[in-house]
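Bear in mind that the values in this text are calculations on the coordinates, not laboratory data. For clarity, every value in this text was computed on a predicted model and none was experimentally measured. When we count neighbours, we look across all protein chains shown, and the Cβ atoms used for this are built from the backbone with ideal geometry, even at glycine.
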Amino acid sequence: MPKFPFLKNKESENKSKVFIPSRREFLKISTLASGGFLLGVNFQCSGPKGELVTFAPNVYLSIDSDNQVTIIAHRSEMGTGIRTSLPMIVADELGADWSKVKIVQAEGDEEKYGDQNTDGSYSVRMFYEPMRKAGATARHMLIAAAAEKWGINASECATENGQVISTSGKKINFGDLVEGLKDKQIPDATTITLKGFSSYKLIGKDIAIYDNKDIATGKAVFGADVDLPNMQIAVVRRSPVVGAKVISYNDAKAMAVPGVNRVVQIEGAGIPPGLDKPLEGVAVIADNTWAAMKGREALEIEWDLGENQTYSSAKQLDDMLKSTTGNGQVRRERGNFNAARQSAGKVIERTYLAPFYAHATLEPPAAIADFREDGSCEIWAPSQHPQWARQAVADALQMDLDQIKMNVTLLGGGFGRKSKPDFVVEAALLSKSAKSPVRVQWTREDDLHHDFFHAQSAQRIKATLDKNGNFSGWNHHTVFPAIGATASAAELHPSDGELGLGCIDFPFEVPNIRIETHESKAHTRIGWLRSVSNIHHAFAINCMLDEIAETKGMDPVDFILDILPENKDLDFAGEIKGDFSNYGEPLEKFPWNTKRLRGVIEKVVQESDWNKMVSDGKAVGFAVHKSFLTYVACIVEVTNGSNGQIIIPDVHYAVDCGIGVNTDRIRSQFEGGAQFATSLAMSSAITLENGQVQQNNFDGYQIIRMPQSPKKIHVHIIESMEKPTGVGEPPVPPYIPALCNAIYKLTGQRIYQLPIKV
């Protein structure tokens with residue numbers, strides 16, 4: 001498993017292959033297709049060492065005699081609509097009747113499906129072309145069969161609404177052609193013609209998510225909804241401090257609770273805690289959740305709290321900030337910043353602090369395992385990365401991978417938390433011990449105490465203006481515990497990948513740039529959270545640029561456009577001291593283009609009427625940021641409420657994500673992203689004292705309430721034929737500094753620390 005799956009290189013384009021699997025192969029996956037025509041797609045993606053690996057089959061398409069099209073969705077659905085967006089690409093290229101499309105969730109199996117990791121906002125960008133080719137191949141075969149039946153040329157035929165239609169008006173259902181396709185050869189890939197964008201009926205349109213009705217009516221199955229015969233419920237008392245070990249425990253009082261059946265110790269990894277291993281703990285297994293929770297309360301445990309028992313996040317944050325006053329490890333350098341500073345007419349120096357954040361998904365982690373007498377184990381879990389979970393279970397149980405079956409439920413939120421498989425491993429270990437199916441249920445308190453937190457950060461930025469007032473120098477110090485430290489305690493600096501998330505890819509024309517990092521040890525579990533280190537980097541950079549613009553007496557938008565090249569593909573060659581990952585994509589395929597960044601700036605200014613928005617009692621703030629290959633500009637409007645609270649009446653986003661596959665989902669992701677970012681900016685923070693998280697529930701770790709949430713969120717999507725890119729994470733980074741800059745305009749108070757206190 002790579003350290004950062006959100007940066008894993010995805011080499012899929014032009015490397016896919018379409019084939020007809022045997023019915024036996026198909027039925028290994030799904031018994032839902034009882035007949036008809038089957039089509040598979042295999043494609044290449046990167047292996048753990050960057051090598052190209054071919055998996056087969058990855059995607060299955062079935063067309064039955066009743067005209068139903070079944071598409072297997074191999075990504076995890078957590079509200080993003082990916083279970084809709086990917087199949088609709090196939091269906092649109094095929095010419096299927098969307099009302100007759102059935103979507104089946106794939107199990108977690110790398111051999112069958114390749115990369116199933118639903119992290120990093122890359123699912124559409126990775127699979128757009130393979131999905132189109134799958135649909136187009138089936139379309140070509142259906143057209144060929146119909147043309148042969150009618151004795152006409154295939155060029156006289158097209159597909160629409162589940163039928164092949166000839167130019168003379170003849171029509172035939174897909175289902176009436178499938179029997180004749182079974183012995184047909186797949187056409188050569190070079191002969192397949194993809195549809196023109198203008199002919200699509202689904203792609204580029206608003207399409208409601210496939211699961212809407214089931215979710216609204218309560219039929220949708222999330223992790224905690226799975227109920228098996230003879231299933232027991234487990235809750236775990238986990239180590240209060242990362243690295244703590246159980247010295248001894250007394251379970252007499254726990255076992256006396258009616259319904260409690262067993263108490264089991266879970267061995268943790270210690271330090272480092274690992275990204276895929278459970279924490280040390282003692283589990284109570286009972287007939288029901290209440291009994292398990294009461295039994296856990298009754299446990300008596302003696303802990304060796306280990307080296308993190310004196311840890312204070314506040315003290316570490318202060319130490320991190322102090323470290324930025326010295327020289328750090330240089331990670332990017334252009335020109336000579338020290339010389340620019342010595343000759344400067346003005347130096348602006350500011351510091352920016354951000355706390356630990358929890359994912360706080362609406363559905364806390366839950367997983368079900370059934371370890372059976374034959375030595376197999378079946379899992380049901382709301383996992384963003386089912387293959388990693390499957391492998392982690394196999395490792396923990398010391399079983400072969402083919403003995404583990406991994407079923408994926410819907411996720412009640414993910415944000416990166418549910419890609420880590422620790423809770424899935426807990427369920428598997430406890431099921432083996434209990435010799436029955438077990439559901440591990442995390443409470444909200446468990447979720448907040450034992451998350452893989454977004455790292456707290458300290459940043460110091462020094463900017464210089466020369467004697468003529470020109471922006472001449474940029475020195476950015478950033479320090480935060482690295483995600484990699486959760487797997488390796490030796491990692492004390494942020495990785496190249498983390499710095500490539502909005503820091504070393506600083507795109508502005510400044511003659512002297514110096515970016516430095518400093519050591520910071522991880523004392524708790526660190527993980528990736530929606531947009532990862534883009535969060536704190538965008539906050540600091542955009543707030544600082546706003547202040548520089550004010551110092552120069554310029555409008556913030558005019559200033560940004562003034563220092564941003566007109567139309568330039570950036571590669572940062574010769575400046576970055578390590579690797580620039582570009583989210584795992586080659587720059588020649590996904591260039592860092594300044595014209596596209598300027599495009600979203602100009603669009604959001606136009607649509608929001610930026611120059612006329614300011615009035616008495618109202619202020620607006622602006623920020624712009626590129627993340628996950630998507631360009632986003634944001635304008636936030638704020639006013640004072642009657643009780644002195646900040647009110648957010650309007651938010652405007654402009655987004656360039658290339659081809660917008662499902663515009664309804666793009667807008668929804670940005671609407672949700674604004675709410676998510678408001679919580680991070682205004683109310684959320686995790687703190688640790690004596691190594692222990694201080695927040696217990698949503699009273700202490702607050703998510704934004706309706707009165708404080710943005711009232712109107714306008715999402716302006718730039719029409720583009722560029723390759724599609726991600727939209728799940730890009731809404732978050734520019735929103736926070738836009739809000740901070742707006743609050744400054746309203747109150748006169750600059751924001752240098754999150755959460756905002758005004």
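Once each part is reduced to its C-alpha centroid, what is the distance from segment 562-606 to segment 484-521 in angstrom?
Taking the Cα centre of each part, segment 562-606 and segment 484-521 sit 18 Å apart.
Kindly work out what percent of the DSSP beta bridges joining two residues of segment 402-521 are antiparallel, to the nearest 5.
Numbers: 8 of 14 bridges.
Around 55 percent of the beta bridges assigned by DSSP in segment 402-521 are antiparallel ones.
What FRET efficiency comes out for residue 611 versus residue 551 if R0 is 30 angstrom and r is the Cβ-Cβ distance? Round to the nearest 0.05. Walk me through the numbers on the way to the answer.
Working: r = 21 Å, r/R0 = 0.69.
Given R0 = 30 Å and the Cβ-Cβ separation, E is 0.90.
In deg cm²/dmol, rounded to 500, what helix-only [θ] at 222 nm does the chain give when every DSSP H run of at least 4 residues adds -39500 (n - 2.57) and the total is split over its residues? Before the final figure, lay out the partial values.
Numbers: 19 runs with 205 residues, N = 758.
After summing the helix terms and dividing by the residues of the chain, the value is -8000 deg cm²/dmol.
Rounded to the nearest 0.05, what FRET efficiency do residue 312 and residue 191 have when you use their Cβ-Cβ distance and R0 = 56 Å?
0.25
Could you tell me the distance between the Cα centroids of segment 449-478 and segment 112-130, to the nearest Å?
The two parts, judged by their Cα centres, are 33 Å apart.
Need one word for segment 210-328: rounded, prolate or oblate. Basis is the Cα gyration tensor (sqrt eigenvalues a ≥ b ≥ c); a/c below 1.5 gives rounded, then a/b vs b/c decides.
Cα axes put segment 210-328 in the oblate bin.
Any idea which of 638, 266, 573 is furthest toward the positive side of the dipole for the chain, if Lys and Arg beta-carbons carry +1 and Asp and Glu beta-carbons -1?
Going by the Cα projections, it comes out as 638.
What are the GluC sites (Glu not before Pro) within segment 662-758 that DSSP puts in a loop, where the Cβ has at most 12 other Cβ atoms within 10 Å?
Here the GluC sites (Glu not before Pro) that fit, given the DSSP loop and packing criteria, are 719.
Percent antiparallel among DSSP beta bridges with both residues in the chain, to the nearest 5?
On the way: 96 of 125 bridges.
So the antiparallel bridges in the chain amount to around 75 percent.
Only loop residues by DSSP count here, and only those with at most 10 other Cβ atoms within 10 Å; note down the trypsin sites (Lys or Arg not before Pro) in segment 209-311 that meet that. Intermediate values should be presented prior to the final figure.
Working: sites: 213, 219, 237, 238, 245, 253, 262, 294, 296; in loops: 219.
Hits after loop and neighbour filter: 219.
Taking the DSSP beta bridges in segment 290-444 as the whole, what percent of them are antiparallel, to the nearest 5? Please list the in-between numbers first.
Working: 8 of 13 bridges.
Rounded to the nearest five, the antiparallel share is 60 percent.
Just want the answer: with Cβ charges of +1 for Lys and Arg and -1 for Asp and Glu, which residue in 323, 727, 532 is farthest toward the dipole's positive end in the chain?
It is 727, whose Cα lies furthest towards the positive end.
How far is the Cα center of segment 718-734 from the Cα center of segment 223-301, in Å?
The distance from the Cα centre of segment 718-734 to that of segment 223-301 comes to 42 Å.
So I have (1) 33.7; (2) 41.9; (3) 51.3, and one of them is mean projected area of the Cα convex hull in nm² calculated from this model. Which one is it?
Correct label, based on the coordinates given: (1).
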